[in-house]
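The values are calculated or read from the model by the stated rules, or taken from the named source; none is laboratory data. All figures in this text were calculated on a predicted structure; none of them were measured in a lab. Neighbour counts are summed over all protein chains in view; Cβ atoms, including those assigned to glycine, are modelled from backbone coordinates with ideal geometry.
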Amino acid sequence: MSERRRLRMPLRPALPLEERGRGDAARVLPLGGVASLAVSPDVVRAKLGAWVGLLPVEERPDLDATSREVVLLLGALVEAGTAALGADALPPWERGVPVPREPLDLQQRAALSRDAVRRATDRAISAELLDLERRVGDELVVRLRPDVFADAPVVAAVDWGTVRRALGTQVSPVALLLVREIARRTTPERRAQGEVVPISLREFGAATGASKGTIQKALAALNATALVESRTRDRVDSWHRLLPPAFGVLPAPVRTPEPADAGSVGDTPVAAASATALPSGSGGRASPARDASSAPLERPRVDASVHDRRVPSAPALTSRPAHRPPPLATGDAVTVYEVSGIAWPLPAGVQPRLERGADGVPMRRIGNVRIPLRGPAETAALPVVEIDGVRWELLPDARPQLEREPDGSFWYRIDAERWPFRPQ
């Protein structure tokens, strides 16, 4: 059999561990250890390129598309191996990961089709990115090569399960590749300081292979789900950063108890005003958060002394003020409702409605925002709001402001944090 035909065989048995050498694995370890390693797209592309170059011209797959599929597959294999054996059990190149005939788990993790998973697996084995340990019927057991990994602590810190759950039905290969590209360009120092990184749409296109419209749609989904914050200027320059929920970070709540409000449950319209004279709000007195710890928090205000609950030694994550859009034009009517001690400005025509939460607590819905209604007898703590199904704890002096973008959409702002308002 010729050398070319041999290299095209998709299923080659893995070398014994002693022949692959633990020395090779040790040489790729950075100062951060195994925990800071992630699949390197540069290595994937280089090894796939070498393999593709050995194929007849008419049989060569598209290198860029193949590289992206394989990167997603290898990331899914690392995640699946960690979920099965634990992060501290074995280095990722010493874990055998099964690829069944119907790889539903890998399909979900990589946001790829069944055929794409099988195709990427065969090509990764052929390009010596994966070793085939054994084959049992239609199931393969593969092992990642040590040289597939590179030092990428921010990519390694991304909580892909949280990212997929937050995106829900909007999860896609493009969205996952966007998160990976932002993380790849973010240094640990920038992540700790909450700084943005400049990435143009053209650079995103090279990383994802998607059109401008598809990229913008995926970025909008990532911003709407509080995974990414994006800023643009003149529709050309753009800056992005991953928000704490993308890393599965749950900031410890900063509790500053307040005396109970002597008034009744706040749920009455206060006034109708123009956007140029919005009231300051009455966020100083808050109603209690009866079950605020029962759900993950996303994008809360974080005090500088608060540390990452998952990694106690990590530095605090603080929010940098985003670019503020121009204020609403004079004459834009805004109705202000005070709910549980916090004044919420509403666009004209939006009517709050009463609902009941899963725990039976009555809640007032304002578009995509739900606020629990609390009585004066309950102990005052931190006010809680639910935005797109995710609970936030606010500081007692929270003062929501309403802003309008040039495209006519409305956004709520509380200090440096913003989220889109959507009538429902």
Which numbered condition VAL78 fails, given (1) farther than 26 Å from VAL154 by Cα; (2) of a type outside the set (S, T, N, Q); (3) in a helix (DSSP H, G or I): (1)
Some residue of segment 302-320 being hydrophobic (A, V, I, L, M, F, W, C), modelled with pLDDT of 60 or more and not assigned by TED's automatic domain parsing to the domain that holds LEU167: no
Residue within segment 80-88 that is modelled with pLDDT under 95 and buried (at least 19 other Cβ atoms within 10 Å of the Cβ) present: yes
Residue match in segment 103-113 (condition: more than 30 Å from the chain's Cα centre (by Cα) and either surrounded by 17 or more Cβ atoms within 10 Å (Cβ to Cβ) or in contact (Cβ under 8 Å) with a residue 24 or more places away in the chain (or both)): no
From the options LEU140, LEU130, LEU177, residue that is assigned by TED's automatic domain parsing to the domain that holds ALA206 and in contact (Cβ under 8 Å) with a residue 24 or more places away in the chain: LEU177
Members of segment 185-231 that are polar (S, T, N, Q) and in contact with a helix residue (DSSP H, G or I) (Cβ under 9 Å, 6 or more places away or on another chain): THR186, THR187, THR208, SER211, THR214, GLN216, THR225, SER230
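Results for (1) farther than 22 Å from VAL78 by Cβ; (2) assigned to a helix (DSSP H, G or I), shown as yes or no for each residue.
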site: ARG135; (1), (2): no, no
site: VAL163; (1), (2): no, yes
site: ILE182; (1), (2): no, yes
site: ALA210; (1), (2): yes, no
site: ALA220; (1), (2): yes, yes
Leading residue by the ranking (surrounded by the most Cβ atoms within 10 Å (Cβ to Cβ)) among those in segment 137-154 that are assigned to a helix (DSSP H, G or I) and in contact with an Asp or Glu (Cβ under 8 Å, 6 or more places away or on another chain): PRO146
Some residue of segment 19-34 being β-branched (Val, Ile, Thr), in contact with a helix residue (DSSP H, G or I) (Cβ under 8 Å, 6 or more places away or on another chain) and either part of a loop (DSSP other than H, G, I, E, B) or modelled with pLDDT of 95 or more (or both): yes
Top-ranked residue of segment 193-210 - restricted to ones that are farther than 19 Å from LEU112 by Cβ and of a type in the set (S, T, N, Q), ranked as surrounded by the fewest Cβ atoms within 10 Å (Cβ to Cβ): SER200
